[in-house]
1. Within the stretch 71-93, restricting attention to residues that are over 13 Å from Cys178 (Cβ atoms) and not aliphatic (A, V, I, L, M), which residue is farthest from the ligand (Cβ to nearest atom)?
2. Please identify the pairs in which a residue from the stretch 356-370 that is surrounded by 14 or more Cβ atoms within 10 Å (Cβ to Cβ) has its Cβ atom under 7 Å from the Cβ atom of a residue that is aromatic (Phe, Trp, Tyr), counting only partners at least 6 apart or on another chain.
3. Which residues, taken from the stretch 174-200, are more than 9 Å from the ligand (Cβ to nearest atom) and among the charged types (D, E, K, R)?
4. Could you pull out the residue among Leu107, Leu93 that is out of contact with any helix residue (DSSP H, G or I) (no Cβ under 8 Å at 6 or more places or on another chain), surrounded by fewer than 18 Cβ atoms within 10 Å (Cβ to Cβ), part of a helix (DSSP H, G or I) and not charged (D, E, K, R)?
5. Can you tell me which residue among Asp19, Asp76 is more than 20 Å from the chain's Cα centre (by Cα), closer than 30 Å to Gln319 by Cβ, assigned by TED's automatic domain parsing to the domain that holds Ile116 and among the charged types (D, E, K, R)?
6. Failed condition for Gly270, given (1) touching an Asp or Glu at 6+ places or on another chain (Cβ under 8 Å); (2) modelled with pLDDT of 95 or more, with all others met?
7. Just to verify a result, which residue in the stretch 201-223, among those that are of a type in the set (Lys, Arg) and away from the ligand (no atom under 16 Å from the Cβ), is farthest from the chain's Cα centre (by Cα)?
8. Would you confirm, using the coordinates I've provided, whether Ala119 is closer than 27 Å to His311 by Cβ and either within 16 Å of the ligand (Cβ to nearest atom) or among the acidic types (Asp, Glu) (or both)?
Amino acid sequence: MIPLVDLKIQYQSIKSEIDLAISEVVESSHFVLGPQVEAFEEELARLCETRFACGVNSGTSALHLALLAAGVGPGDEVITVSYTFVATAAAVLYTGAHPIFVDIDPLTCNIDPSRIESAITSRTKVIMPVHLHGSCADMHPIMEIARRHNLIVIEDAAQAVAADYHGRRAGSMGDLACFSFYPGKNLGAYGEAGAVVTNNEDHVKLIRQLRDHGQSEKYHHARLGYNYRMEAIQGAVLKVKLKYIDEWTKARRSHAAAYRSQLAELEQVGVRLLEETAGGRSVHHIFPVFTRERADLQRHLQAAGINTGIHYPIPVHLQSGYRDLGYGVGDFPHTEKAAAETLSLPMYPELALEDLTRVAETVREFSLQKLAVSP
Ligand SMILES: *Cc1c(COP(=O)(O)O)cnc(C)c1O
C-alpha cells in the first residue's frame with residue numbers, strides 16, 4: 001500500500017535525535033513552555049524571517065489568539081475563504097466576530113483578491129488569507145487592499161511553513177501569521193502544537209499573556225486568558241525537526257515536479273493540476289488533482305493499493321454546523337467545484353520515486369481509459 005502520508009518513515013530517519021530530545025524533557029521535568037519551547041520559538045522566527053514567534057498548543061489556538069491580538073471581537077467581520085480547514089472560520093467565531101467568505105481563484109484555489117474589496121464593510125477588521133496546500137495566497141494585492149482600507153492581515157499559514165512569495169517567507173507578510181504543527185503538517189509535532197509569528201512587539205506580548213491565562217507575572221492575571229501553552233516535548237521535537245525542513249521541502253518540490261511532468265498531458269482528458277501563485281514557491285503540503293470523475297479515480301487508485309485523501313470535501317459555508325452563517329449552495333461556485341473535484345495524491349518527503357511513478361501511471365491509465373470510453 002502506498003500511503004497518503006507516512007509519519008513512521010520520517011521518525012525512523014531521525015529517531016536517535018528525537019528520542020534524546022524527548023528524554024531530556026522528561027529528565028528535566030520541565031513539561032510546559034520553558035527553555036525547549038523558547039529555543040524552538042527563536043529558530044521558528046529565524047525561519048519565518050519575523051522578529052517574534054510564540055508557541056501555542058494548536059494552530060486553532062494560534063488563530064484565536066492572533067485574532068484577539070488584532071482586536072477582533074463581537075460584531076466585527078473577518079474576510080476569509082470557505083475553501084479551507086474548518087478551524088479558520090471556527091477561530092473567527094470564537095471571538096464573537098463573523099467570518100465573511102469570498103470565492104477562490106479556481107486555478108490556485110487561494111482567495112481571489114479581486115473579490116475582497118466588495119466584501120469590505122464598516123465592520124471589517126481583518127483579512128485572513130489561507131495559504132492553501134502550501135502555496136501562498138497572492139499577498140501583494142491583498143496587502144495593498146488592507147493598507148487602503150486600514151485593515152489588519154492575518155496569514156493562516158498552517159499548511160505553508162517555509163513557503164515563499166516574491167522572496168518573502170510565508171508568515172512574514174501579514175501583521176500576524178499562524179502555523180499548525182499538527183502531526184501531518186509539513187513541520188509536524190508528536191501531538192498538538194501551533195505558533196503565531198509577528199514583527200509587532202505589543203502583539204507578541206499580548207499573545208504570550210493570553211496563552212497562559214492572562215498571566216503578567218506568577219499568579220497575577222491581567223486579563224482573561226486561556227490555557228493554550230505549548231508543551232515542552234513538542235517544542236523539543238519541533239526544534240529537532242526544524243533543522244530538516246529545508247531538506248524535506250526540497251524533496252516535496254522535487255516530487256511535485258515529477259508528478260507535474262508525468263501528469264502533464266492529462267489536462268485534455270479532464271484531469272487538472274493546481275497552479276502555483278505567480279511569484280510564489282509552494283511547499284506542497286498537499287498535491288491535488290481535479291477531475292469530475294473523482295469518486296471513480298479514488299476507487300481505481302485504492303484498488304491499485306494507493307491511498308488518497310480529499311482536502312476538503314465540504315466547504316465551510318456548507319457545513320451543517322455553520323448553517324447559521326446564512327450561506328447556501330451556489331454562493332461560491334469555484335469553491336464548491338474544487339471541493340467536488342479535488343483528490344489528494346500521496347505526498348511526503350520520503351515518498352520513493354518508483355512509488356510516485358506508480359501513482360502517476362495509475363492516474364494516467366485511468367484517465368486514458370475514460371477517454372477511450374467517452375471521447
Ligand atoms: C491544520 C489547519 C489549521 C488548524 O491547526 P490545528 O493545529 O489542527 O489546530 C488551521 N488552518 C488550516 C488552513 C489548517 O490546515
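The values are calculated or read from the model by the stated rules, or taken from the named source; none is laboratory data. Computed from a predicted model, the values in this text were never measured in an experiment. Note that each Cβ is placed from the backbone with ideal geometry, even for glycine, and that neighbours are counted across all protein chains shown.
1. Gly75
2. Leu356/Tyr259; Ala360/Tyr259
3. Once the filter is applied, which keeps residues that are more than 9 Å from the ligand (Cβ to nearest atom) and among the charged types (D, E, K, R), the stretch 174-200 yields only Asp175.
4. Leu93
5. Numbers: Asp19 fails: closer than 30 Å to Gln319 by Cβ.
Step by step, each of Asp19, Asp76 is checked, and only Asp76 is more than 20 Å from the chain's Cα centre (by Cα), closer than 30 Å to Gln319 by Cβ, assigned by TED's automatic domain parsing to the domain that holds Ile116 and among the charged types (D, E, K, R).
6. (2)
7. Taking the candidates together, the pick is Lys218.
8. Judged against the criteria, Ala119 is not a match.
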